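Scroll down for the structure; my scribbles are underneath it.
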Amino acid sequence: MVNSVDSMQSIDNRILITGASGFVGSYLIPALRKSFVDSKLYPCCIGKILPKDAVNVEWLNLDLRDYDQFDNLIRKIKPTHILHLASVSHVPTSINDPHKTFEVNLMATLHMFDSILKITPKTKIIYISSSEVYGKSFKNGLALTEDAVLQPENPYAVSKMATDQIGRAH
């Protein structure tokens, strides 16, 4: 895991951003372009028209559930960093289709962690979780810290909690 952005200051950086077309990604990509002008950015999304972007930015269509596609991409670009934003994050969708939620949020992320360890073990991964993992803990009326009890209340939150734990184990 990366504790600061200091390791991202190199000219030779290749930064893969999953879920780049989502809410966070729409702000993150311009900020990365501004802060890391010499780095090559690989924002990824699924099933969308890929934007034509600036120098050192190559948008990719990537479904993390396609393990062969992901592994081939990692072998090709050899990312120095991965900013993992991709997830099924819409709570009603997670309730209606918990299998897809766990397939994307947990299993595809687990595959990502395992692939990176095998293919490019020096790659640094920043994984984005969710406050949803605290669930019922919010209802006590007190401010929470990261040490608060995890009490997820929906499939999305459970999938993120499980992925948090898998990430810690890797």
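Here the stretch 68-170 has 56 percent of its accessible surface on carbon and sulfur atoms, given a 1.4 Å probe and all protein chains in place. Rounded to the nearest 500, the 222 nm mean residue ellipticity of the chain from helices alone is -10500 deg cm²/dmol, with -39,500 (n - 2.57) taken per DSSP H run of at least 4 residues. In the structure shown, the pairs LYS100/LYS136; LYS100/LYS124; LYS40/LYS160; LYS76/LYS136; LYS76/LYS100 are assessed against 32 Å; a Cα-Cα span above that value is assigned to LYS76/LYS136.
The amide H of ASN13, built 1.01 Å from its N in the peptide plane, has LYS40 as neighbours under 5 Å, considering only residues 5 or more places off or on other chains. Look at the alpha carbon pairs under 8 Å that are at least 6 residues apart: their mean separation over the length of the chain gives a relative contact order of 21 percent. Between GLU58 and VAL24, the contour length at 0.36 nm per residue exceeds the alpha carbon distance by 10.4 nm. At a probe radius of 1.4 angstrom, the accessible area of the chain per residue rounds to 57 square angstrom.
For LYS78 and ASP66 in the same chain, what is the full-extension length gain: residue separation times 0.36 nm, less their Cα-Cα distance, in nm?
Length difference between fully extended and current span is 2.6 nm.
Rounded to the nearest 0.05, the FRET efficiency derived from the C-beta distance between LEU142 and ALA169 at R0 = 35 Å is 0.75.
Computed on the chain, the Cα convex hull volume stands at 124 Å³ per residue.
The values are calculated or read from the model by the stated rules, or taken from the named source; none is laboratory data. Just so we're clear, the structure is a prediction, and the values are computed from it rather than from any experiment. Counting neighbours? That spans all protein chains shown, and the Cβs are built from the backbone with ideal geometry, glycine included. The area values use the complete protein model at the heavy-atom level, side chains included, leaving out ligands, DNA and RNA. Shrake-Rupley method; radii C 1.70, N 1.55, O 1.52, S 1.80 Å.
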